[in-house]
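Here's the structure we're looking at; comments come further down.
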Amino acid sequence: MLKLGLTIGLLLVGTSTTFAQGDVVAGEALFGQRCQVCHLIGEGATNKVGPQLNGVVGATVARLPDYSYSPALIKANAGDRIWTVTDLRRYMFLPKKLFPGTKMTFWGQRDPVQLSDLVAYLQSFAADGTRIEPAP
Ligand code: HEC
C-alpha cells in the first residue's frame, strides 16, 4: 500500500510527458491475470493466441516472422512503426483505437499506474527472453 501511494505520488509530480517508473513485480502479477491467457514471455516463450512478447518494447511492430499478424499490424510494420512506451500504453488501454482492425481482443487496461507496471514488466525481458536489470 505504501508502495502504491509512492507510485501515485510520483505520477502526480511528474509532467505530462514523463511517466512514473513502473513496478516490475506488480506488472508480473498483472501480466499473469490479464495477458498470459494469450501471451507468453520469458525464456523459451512461444506464440499462443497472441505473439510471444520478448523484447517487444522498442522493437518494430509485428516483429516476428513466425506469427500471423492482422493486416493492421502488418501495415504498421511496413511503415517501420516502433513499439514506443506511449504506443504500448495506448494499445493496452484500447487496442482497436490505436490500430483499428487489430485482432487483439482485449477489453483494455485503464489504470495509469497499472499501465506503467505492465510496461516495466515487458521492458524487463530482452529479445532472447533473458531478464534485463532495470536502469537505476
Ligand atoms: C484475448 C487474447 C489477448 C489478450 C488477453 C492480450 N492480447 Fe496482446 N495480442 C493478442 C493478439 C491476437 C495479438 C496480435 C494482434 C494483431 O495481429 O493484430 C496481440 C498483440 C500484442 C502486441 C503486439 C506484439 C507485436 O509483436 O507487435 C503486444 C505488445 C501485446 N499484444 C501486448 C499485450 C499485453 C501487455 C496484454 C495484457 C495487458 C495483452 N496483450 C493481452 C491477443 C491478446
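The values are calculated or read from the model by the stated rules, or taken from the named source; none is laboratory data. The shown structure was predicted, so the numbers you read here are calculated from the model rather than taken from an experiment. When we count neighbours, we look across all protein chains shown, and the Cβ atoms used for this are built from the backbone with ideal geometry, even at glycine. Each accessible area value is taken on the protein alone, full model and side chains, heavy atoms only, with ligands, DNA and RNA left out. Shrake-Rupley method; radii C 1.70, N 1.55, O 1.52, S 1.80 Å.
Any idea which residue in the stretch 104-124 is most open to solvent (accessible area, probe 1.4 Å), counting only those that are within 7 Å of the ligand (Cβ to nearest atom) and in contact (Cβ under 8 Å) with a residue 40 or more places away in the chain?
By that ranking, first place goes to 104.
For residues that are more than 15 Å from residue 125 (Cβ to Cβ) and open to solvent by 40 Å² or more (accessible area, probe 1.4 Å), scanning just the stretch 24-39, find the one that is farthest from the ligand (Cβ to nearest atom).
By that ranking, first place goes to 29.
What tally of residues in the stretch 26-50 results from selecting those that are in a loop (DSSP other than H, G, I, E, B) and in contact with a helix residue (DSSP H, G or I) (Cβ under 9 Å, 6 or more places away or on another chain)?
3
Among all residue pairs at least 6 apart or on different chains, which show Cβ distances below 8 Å where the first residue, located in the stretch 26-52, is among the charged types (D, E, K, R) and the second is within 10 Å of the ligand (Cβ to nearest atom) and not in a helix (DSSP H, G or I)?
Final answer for the pair search is 34/106; 34/109; 48/38; 48/39.
Taking the condition of being in contact (Cβ under 8 Å) with a residue 24 or more places away in the chain and near the ligand (Cβ under 9 Å from one of its atoms), how many residues in the stretch 70-86 meet it?
Of the residues in that region, 5 qualify.
What number of residues within the stretch 104-119 satisfy the criterion of being part of a loop (DSSP other than H, G, I, E, B) and of a type in the set (A, V, I, L, M)?
Residues in the stretch 104-119 being part of a loop (DSSP other than H, G, I, E, B) and of a type in the set (A, V, I, L, M): 1 in total.
Could you grab me the full set of residues in the stretch 40-69 that are of a type in the set (S, T, N, Q), near the ligand (Cβ under 10 Å from one of its atoms) and under 19 Å from residue 103 (Cβ atoms)?
The answer is 47, 52, 60, 68.
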